[in-house]
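One structure is given below, encoded as C-alpha cells.
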Amino acid sequence: MFYKKAGDDFGTGSGAGSYINRIEYLLIAVMGLYFPACVSPPPAFGNLTDNVKDWRDEIIYQVMIDRFADSDSSNDYNVNLSDPSAYHGGDWKGLISKLDYLQTLGITAIWISPVVRNVEEDAGFSSYHGYWAQDLTRTNPHFGDISALKELVDDAHARGIKVILDIVTNHVGQVFFYDINKNGVPDEFFIGQGGKIIPIGQEGDTSDLVRVTEWDPDFNINGIQAWTSLGPSGEAPVVFVHDPSIDRVPPYPPPLDKAYAYNRKGRVTVWTKPQVCGCESWGCPWNNKCRREQEVLGDFPGGLKDLDTTRQDVRNALFWSYSRWVDIADFDAFRIDTLKHVEPEFFDDFCHRMRQHLAARGKHNFFMFGEAFDGDDNLLGSYTKGQGVDSVFYFSQYYTVFRGALMGDGQRTCEIERLHCRRLGCISDPCGEGGAIASVYGDQGKTGGVTDGDTGDPLNSRQVAVNFISNHDVGRLLFFMPGTWSETTKRKTLHLALAYMMTEDGIPCLYYGVEQEFSGGNDPANRETMWDPASYTKQVWKDGRWQDARRTYDSDQDGLDDTVWLPFDTGNPTFKFIQKLIRIRKDHEALRRGNFTVRWSTRTADGPDKGIFAFERTYHDQTMLIVMNLSLKGESETRSNAVSMSVNFSPGQVLTDLLDPGSMFTVTDKGCEAGNGCLDVKVPARGIRILSLE
Ligand SMILES: [Ca+2]
Ligand SMILES: [Ca+2]
Ligand SMILES: [Ca+2]
Ligand SMILES: [Ca+2]
C-alpha cells in the first residue's frame, strides 16, 4: 500500500480494465459536451424502453443483493456467512433465479442495492451493502459483470417487473485521510491545549486532550486544519490511499480523484454532540443553520468522504456516471441515497438533466425518489419542490404510524390524520388543537416527470410518497414490538401495518424478508441472508438452555404448527397475506390511484371508537373504505356519542370485507351528517377491514 497526495500524478488509479470508460469519458470531456440532451448515445447502447404506465400502480420490493440469493460461486471471494458485516455471496444471477418467487408474491418493481465497485473493506467491515463507492463506472465484482446485470433487467422486464437502481450522489467510500500532522501516513493522536500533538501511548493526563483520527476527524466549518510542532499550519493535506488489493484507490471518474472535489470538513458530529449547534438535546429544527451546515458539508459516518456537489465538474461526473447505467441496462428509476446531506439545488440540476437525457433516448416516467432519513415533514417536503426528485420516502409516516401509534396501545389516531394533513392539507387540525394545516409538500409535477396513466397529467410528490414499514437502515418491525406481546399480537400488528401500507395512497415498498417474518434488529442484524436456514430459526428453551430451533407455522389452520419454515417459503401466513393484499390492490384501481379522505380518527385512547382510523380511496366511480383498529384492548366501532361515520356510499348499499368475505355492512341514512351514507363498522383489536361493493 502507498499513499497518494492529491494532485500527484499517477493516472486515474482506477486499475486495469477501465480504458473503455476512460476513452468514452475523455471523448465527451474533450468535446466539451458533458451529455446535454442533444448528444447522440454511443452505439454500444441498446434502446431504452417505457415500462411504467403510472408509478402508483407499482409495488416495490427492496433487495440487498449480497443477502438475497447466490447463484454464482465464481464471485464468492472474501465471503463469510457467519460474519454479519462480511460479504455473504449473493449476486445478480441469484436474483434472476428468484424472479419466479417474486412474481408469485406479486410485486412489480425491484429496488436493488448499489451496483458500482466499492472499497472492499474498511476497519474490519466489508462493503457488502454497496454504499462505499470507489468507481462509479464499473460493477461490483461480487455481484456480477455488466452482462449479468443486463440479463437481470431484461428478465425482469420480460415479466413486467421494473428495476430500480440505488445511487449515491453525496459521498464515496473512505478513500483518503486528512494528514493533520503532515507526515504522509494516517495517524491517531491527541491534540492538547495550545495545539500540541501527543502520540497515543504517551498522553499521560488526557483530561484536556482531544482525540483525533486522521481518517475521520470531527467537523470543522473552516476545513480540517493541520498542526505541526509549531502550532496551526493551514488546511490539512488530503492524502488518497493506493491499495489495489482491497480496491482502495482514488475514485473514478475524474475529478473524484482530486482533493478539490470534496468539502473536506470532517465528520458530522451534530448527531452525537447536538450542543455544538446550541441544541440542548437532539431536536434541532431542520433549518437550524449549524445543523444543516454539518449535514450538507460533513463526511458521512464511517468516514465516507463528502463530495462538493456545488461544483459543476463534480455534478457532471455524477450525471455522466449514473445516466450511463440507465443507457446500458435500461433501469426504470433511481432510489437516491442520503438526500438530506446534499443541497436541494443539486437535485434540481441532476434530476432535470436526467429527465431530458432519458426522454431523448425514448424513456419517460423515469421515477426518482430519495432518502431523507428524517421525521420532519418540513425537511422532507423541501425536497419535493422545484425540479428535483419526484418523491421521497415517507419517513415521517414511518415514525408516526409504524414506530409510533402501532407500537403503543390505542393512542389517539388523530396524530395519523394530522400526518396526512401535512402532506395533503386540512381545513382544521384533526386533534382539535389548532386551525388549518397547510401542506408542506410540493404540489407541482416536474417538467418531463412522472405522469398519471390515464390522463398523462404530471403527478406531484403528494401523490407518490414512497411508503415503507422497514428498510435496510432500521430494525425490522417485529423487532421493535414489545416482548410482552404474544406471537399472535405481533403477527396481527405486522399484518395491520402491511394492509395499511397496501391500501393508503402512494407507492408501497416492501423490504425483502418481511414476507418471511424476519425480525432482525438494527444494522447489520436486519440484513438477514434469505437462503440461509439459520435466518429461519427462533430461540427455544430446551434441556436447560436457550437453543436455535427451526421456525414452524400452522398451514391447515387447526391451531397447531405442522410445517417447518423453509427458505423462500411461499406457504407461510405472512407470505400469503401479502400475496392477498397485492391481489386486492391490483384488482382495485381506487386503491392504487384514488384520492385519500380520512373518515374517522380518534382524539382519545378510550371510548367505543378507541384506536379507529378509517379512510376512503376514490377513483372515478370506485370507492374503497378501509377501517383499522389500532387498539390492543378489544373491539372498536366507527361510532361514538351516538354519531356514526359518514361515507361516500348510498343508504342500502352493502359493503363486503375483502379480507373476511363473511363480514358485510349495510349503509344507512341514520346517525351521521344529513345527506350522507352512514356506517357502523366493528373491527377486532389490531384488525383491519378493506370494504368494497362486490
Ligand atoms: Ca455469489
Ligand atoms: Ca499523518
Ligand atoms: Ca454533502
Ligand atoms: Ca396445523
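Bear in mind that the values in this text are calculations on the coordinates, not laboratory data. What you are looking at is a predicted structure, and each value in this text was computed from that prediction instead of being measured. Here the Cβ positions follow ideal geometry from the backbone for every residue, glycine too, while neighbour counts run over all protein chains shown.
Quick notes
- Note on the chain: helix-only mean residue ellipticity at 222 nm, from DSSP H runs of 4+ residues weighted -39500 (n - 2.57) and normalised by residue number, equals -6000 deg cm²/dmol.
- Sequentially through the stretch 172-180, phi angles give Karplus couplings (6.51, -1.76, 1.60; θ = phi - 60°) of 10, x, 7, 9, 8, 10, 9, 7, 5 Hz, Gly and Pro residues having no value and appearing as x.
- The stretch 170-313 shape via C-alpha gyration tensor axes, a/c threshold 1.5: oblate
- Annotation for LEU693 and CYS277: the two label points, set 7 Å from Cα along the Cα-Cβ direction, are 5.1 nm apart.
- Close amide H contacts of MET368 (hydrogens built in the peptide plane, cut-off under 5 Å, sequence separation of 5 or more or a different chain): PHE334, ASP390, SER391.
- Full-extension gain in nm, GLN103 to ASP429, via 0.36 nm per residue minus C-alpha separation: 113.2 nm
- Tensor-based shape of the stretch 231-377 (alpha-carbon gyration tensor, a/c under 1.5 rounded, otherwise prolate or oblate): oblate
- FRET efficiency, MET664 to SER555 (Cβ-Cβ, R0 25 Å, nearest 0.05): 0.35
- Using a Förster distance of 30 Å, the FRET efficiency for ASP543-SER486 (Cβ separation, nearest 0.05): 0.75
- Amide N proximity, the stretch 94-131 versus ASP83 label position 7 Å along Cα-to-Cβ, cut-off under 18 Å: 118-131
- Stretch gain in nm, segment ASP50-SER245, where the contour uses 0.36 nm per residue and the Cα spacing is subtracted: 66.1 nm
- Packing-based exposure ordering (other Cβ within 10 Å, fewest first) of THR484, THR400: THR484, THR400
- In plain terms, the residue of ARG418, ARG689 with the fewest other Cβ atoms within 10 Å comes first and the most crowded comes last, giving ARG418, ARG689.
- Computed FRET value (nearest 0.05) for THR455 with ASP523, which takes r as the C-beta separation and R₀ as 35 Å: 0.25
- For THR552, the amide hydrogen comes within under 5 Å of the amide hydrogens of TRP565, counting only partners 5 or more places away or on other chains and with H modelled in the peptide plane.
- Derived scalar couplings ³J(HN,Hα) [the stretch 55-66; Karplus, 6.51 cos²θ - 1.76 cosθ + 1.60; whole Hz; x for Gly, Pro]: 4, 6, 7, 8, 10, 8, 10, 8, 10, 8, 3, 4
- Virtual paramagnetic centre 7 Å along Cα→Cβ of HIS620, amide N under 13 Å, in the stretch 435-464: 453-455
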